[in-house]
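First up is the structure itself, then whatever we jot down about it.
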Amino acid sequence: MQRKRLVLIDANSLIHRTYHALPSLTTKKAEPVNAVYGFLLVFLKAIREFQPDFIAACFDSPGPTFRHKKFKEYKAKRPPIPKDLVSQIPKVKEVLSAFGVPIFEKKGFEADDLIGAISKITPPDTEVIILSGDMDILQLINSRTRVFLLKTGIKNTHLYDQNMVKEEYGIFPSQIVDFKALRGDPSDNIPGVAGIGEKTAIDLLKRFGNLENLYKELEENSEKAKEIRQKTRGLLLRHKKDAFLSKDLAKIKKDIPLRIALEECSFEKYNREKAIEGLKKFEFYSLTERLPEPTLSLHF
């Protein structure tokens, strides 16, 4: 029996990535649509490549999240989102609705938290493909979950599994939160351990596995811990609180209350004529030729 496949879309990350990848594009009414167009290019590519049985899109909820309550400076250094980008988010939702794609967002949480929650409750016989432009989402990769990552531009996409993450970054997907706990993340204003760079963070995780084991060895002053450079040991002990706070901020929260039935996400709801109408509304006439012909299984 063929395994079922669910595609989960990290919508905000893709909208941001495609907005910055493409030049200005407007409709005849002067409405900006470059991010919508770029989003659809990636969306249609994923549909062609993965032929999903189920599909859903997750969006960030406006306003602060539970992470801001833990650390008020979370994402504080990000510049304001351009108005012509903000105006395109509802347009993306409108086009997704035309394709019959259900949309999920929840107050106080980010899109990747919803994706983590949905992937966690997905039946074990269903493969999960996450479509994103944010490398943080790689932490969700496991034996049945892969990430289709838009890295740069529109065409530079990579399908990551556990081995590919290890080969490219030197750590396993499960260690990404520990990496960010040590290295920090300037884009999200996650502090990490001051003075610990990428190379040192990866080396520590190769030797100790995760943050908890690292600090256990440090506090026991074990022989293994003594192999760490004295300066690095000092930084780690001095900034222990920041390290664990950073791990908490970086970790995708999968245990959130979210009611969803997989049947809601069936891509059999796809109606080609409605999709064409949605594309034509924003004058994406050339994209109508890239739409799949619906079949009972939608495997085209």
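The values are calculated or read from the model by the stated rules, or taken from the named source; none is laboratory data. Bear in mind that the values here come from a model prediction, so they are computed numbers and not experimental data. Positions of Cβ are backbone-derived with ideal geometry, glycine not excepted, and every protein chain shown enters the neighbour counts.
Things to note:
- Residue list for region 1-13, filter: modelled with pLDDT of 95 or more, part of a strand (DSSP E or B) and either more than 23 Å from residue 105 (Cβ to Cβ) or not aliphatic (A, V, I, L, M) (or both): 5, 10
- A single entry from 247, 251, 280 fulfils the requirement of being surrounded by fewer than 16 Cβ atoms within 10 Å (Cβ to Cβ) and either of a type in the set (S, T, N, Q) or at pLDDT 95 or above (or both): 280.
- Across region 239-253, the qualifying residues are those that are of a type outside the set (Gly, Ala, Ser) and either in contact with a Leu (Cβ under 8 Å, 6 or more places away or on another chain) or without any contact (Cβ under 8 Å) to a residue 24 or more places away in the chain (or both), and the one among them that is nearest to residue 212 (Cα to Cα) is 244.
- Residue count for region 14-53, restricted to those that are of a type in the set (A, V, I, L, M, F, W, C) and part of a loop (DSSP other than H, G, I, E, B): 4
Here's the yes/no breakdown for (1) in a strand (DSSP E or B); (2) within 12 Å of the chain's Cα centre (by Cα); (3) closer than 26 Å to residue 2 by Cβ; (4) not polar (S, T, N, Q):
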{"residue": "113", "(1), (2), (3), (4)": "no, yes, no, yes"}
{"residue": "118", "(1), (2), (3), (4)": "no, no, yes, yes"}
{"residue": "123", "(1), (2), (3), (4)": "no, no, yes, yes"}
{"residue": "136", "(1), (2), (3), (4)": "no, yes, no, yes"}
{"residue": "149", "(1), (2), (3), (4)": "yes, yes, yes, yes"}
{"residue": "154", "(1), (2), (3), (4)": "no, no, no, yes"}
{"residue": "159", "(1), (2), (3), (4)": "yes, no, yes, yes"}
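- Taken over region 68-102, the criterion of being closer than 28 Å to residue 185 by Cα and touching a Lys or Arg at 6+ places or on another chain (Cβ under 7 Å) is satisfied by 74 alone.
- Single condition residue 176 does not satisfy, out of (1) within 14 Å of residue 244 (Cα to Cα); (2) modelled with pLDDT under 95; (3) of a type in the set (A, V, I, L, M, F, W, C): (2)
- Residue check, residue 62 of a type outside the set (A, V, I, L, M), exposed (fewer than 13 other Cβ atoms within 10 Å of the Cβ) and farther than 17 Å from residue 186 by Cα: yes
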